[in-house]
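> Before I ask anything, let me first share the structure, which is written out below as structure tokens.
The values are calculated or read from the model by the stated rules, or taken from the named source; none is laboratory data. As the structure is a prediction and not an experimental result, all values here were calculated from the model. Because the Cβ atoms are built from the backbone with ideal geometry, glycine has one as well, and the counts that use them run over all protein chains shown. Each accessible area value is taken on the protein alone, full model and side chains, heavy atoms only, with ligands, DNA and RNA left out. Shrake-Rupley method; radii C 1.70, N 1.55, O 1.52, S 1.80 Å.
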Amino acid sequence: MPAAVIMEENFDKLLEQCEAQELEAPGGIATPQVYAQLLALYLLHNDMNNARYLWKRIPQAIKTANPELAAVWAVGQRIWQRDFPGIYTTIAAFQWSENILPVMEALRESTRQRAYALVAQAYTSIAADDFAAFVGYSVEEAVKGVVSQGWQADPATRMVMPKKPDPPPVSLVPNEQQLARLTDYVAFLEN
């Protein structure tokens with residue numbers, strides 16, 4: 001199994017464990033570490049609704065006493081605003097604890113992959129500087145990354161030309177099946 005799949009399964013299990021810990025917490029108030037992990041995991045899964053509601057139900061005293069929790073929420077605010085460069089700088093600006101660091105690194109990488117996919121769908125060409133900011137790399141690293149993915153980069157114009165993603169396969173219904181469905185539908189309408 002690839003490492004990314006194993007990590008994703010671990011994050012899913014960790015999310016379930018954190019949710020259970022929050023629900024089973026004495027007095028209904030979990031520890032700041034549980035809240036920080038749960039918030040980061042919601043962001044990793046791009047579940048902004050649950051992240052927002054979690055932030056609202058965390059007691060104010062815990063929010064102000066834990067700077068890491070506030071930093072995770074600052075990343076969430078950048079995601080909500082779709083500020084891709086801000087997401088990367090906010091993640092890099094904080095010294096994360098060892099239980100949050102892997103989640104934040106995975107969040108940075110999943111955001112980067114989402115940015116690559118969005119650029120591939122939306123642009124026929126984009127300035128290398130803009131693209132680099134969008135994926136959180138330096139211009140040189142961004143150009144190297146796109147060339148390795150089969151995209152084109154023009155150093156003269158400093159433009160990146162994304163390779164269009166393959167359209168999803170269209171499932172074709174065999175003619176006999178389609179005819180049988182149509183016959184059943186017409187028979188149903190006549191009765």
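> Find the residue count for segment 111-130, including only residues that are open to solvent by less than 40 Å² (accessible area, probe 1.4 Å) and over 17 Å from residue 165 (Cα atoms). Outline the logic, then answer.
Quick first cut of segment 111-130, residues open to solvent by less than 40 Å² (accessible area, probe 1.4 Å) only: 111-112, 115-116, 119-120, 126-128.
Of the ones still in play, those that are also over 17 Å from residue 165 (Cα atoms) are 111, 127-128.
Adding up the residues that qualify gives 3.
> Just the residues that are exposed (fewer than 12 other Cβ atoms within 10 Å of the Cβ), among the polar types (S, T, N, Q) and not in a helix (DSSP H, G or I), please, taken from segment 131-156.
Across segment 131-156, the qualifying residues are 138, 149.
> Tell me which of these residue 189 doesn't satisfy, since it passes every other one: (1) modelled with pLDDT under 90; (2) of a type outside the set (Ser, Thr, Tyr); (3) part of a loop (DSSP other than H, G, I, E, B); (4) open to solvent by 50 Å² or more (accessible area, probe 1.4 Å).
(3)
Yes/no per residue for (1) surrounded by 18 or more Cβ atoms within 10 Å (Cβ to Cβ); (2) not basic (Lys, Arg):
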site	(1), (2)
12	no, yes
22	yes, yes
27	no, yes
38	yes, yes
51	yes, yes
63	no, no
68	yes, yes
87	yes, yes
100	yes, yes
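> Moving to a separate point now. Given the conditions (1) surrounded by 17 or more Cβ atoms within 10 Å (Cβ to Cβ); (2) without any contact (Cβ under 8 Å) to a residue 12 or more places away in the chain; (3) assigned to a loop (DSSP other than H, G, I, E, B), report the number of the one that residue 96 does not fulfil.
(2)
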